[in-house]
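All of the numbers you see were taken from the coordinates with simple rules; none came from a lab. Keep in mind the model is a prediction, meaning the values are calculated, not measured. When we count neighbours, we look across all protein chains shown, and the Cβ atoms used for this are built from the backbone with ideal geometry, even at glycine.
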Amino acid sequence: MAGSALRVAGRQLSQYSESGAPILLRQMFEPKSCTYTYLLGDRESREAILIDPVLETAHRDAQLVKELGLRLLYAVNTHCHADHITGSGLLRSLLPGCQSVISRLSGAQADIHIEDGDPIHFGRFALETRASPGHTAGCVTFVLDDHSMAFTGDTLLIRGCGRTDFQQGHRPLSPARDLSMVIWVPGF
Ligand SMILES: [Fe+2]
């Protein structure tokens, strides 16, 4: 899995929200599954979330959360696949208080099941949940509430998009086409 954070055309991948509140952002990589994991945090409240943690690097992610003095509220997953096993379960035990999150349509177990339109709050920020089926039927994209960033998971990769012929693949829909419907709308 090689998820990507989109930049809205003409905007930088800013570490500041539209209101000027500084958001903490870290991009991390796991080479075996080619997964990008994102840590987002509120510098004021110290509340944080992880997007798409994987099992191999759960200890690394937990250590970073501790070093930065953050409190991890949620380990959030864009989707569920056998070629990138989530680190949510291990993170729940490494960082008590952390809850796992995934879409209801994924069919996977989690503390919290989300659906299109559900917000995920951390400190002064929130992620908007947008259904983006294609790579799997339960894929979601998370959009930061100031609309400066979108976290797509495998639905849209760097120079490509995720396959649709594997484990809940949703043919003949095109992940890229579906994602464009989800994100590239007026007022994104
Ligand atoms: Fe995947």
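Ranked highest first by average number of other Cβ atoms within 10 Å, how do 78-90, 59-71, 31-43 line up?
By packing density, highest mean first, the sequence is 78-90, 31-43, 59-71.
For the pair Arg60 and Ala82, how long in nm is the line joining their label points, each one 7 Å along Cα→Cβ?
2.5 nm
Compute the distance in nm between two label points, each set 7 Å from the Cα along the Cα-to-Cβ direction, one at Ser45 and one at Arg26.
2.0 nm
At 0.36 nm per residue, minus the direct Cα-Cα distance, what do Asp116 and His147 gain on full extension? Give it in nm, one decimal, please.
Length gained, Asp116 through His147: 9.6 nm.
Can you pull the one-decimal nm distance between simple spin-label points at Gln109 and Ser93, each 7 Å off the Cα toward Cβ?
1.2 nm
Report the net charge of residues surrounding Arg60, where surrounding means a beta-carbon distance below 12 angstrom and charges are Lys +1, Arg +1, Asp -1, Glu -1.
Summing Lys/Arg as +1 and Asp/Glu as -1 gives -2.
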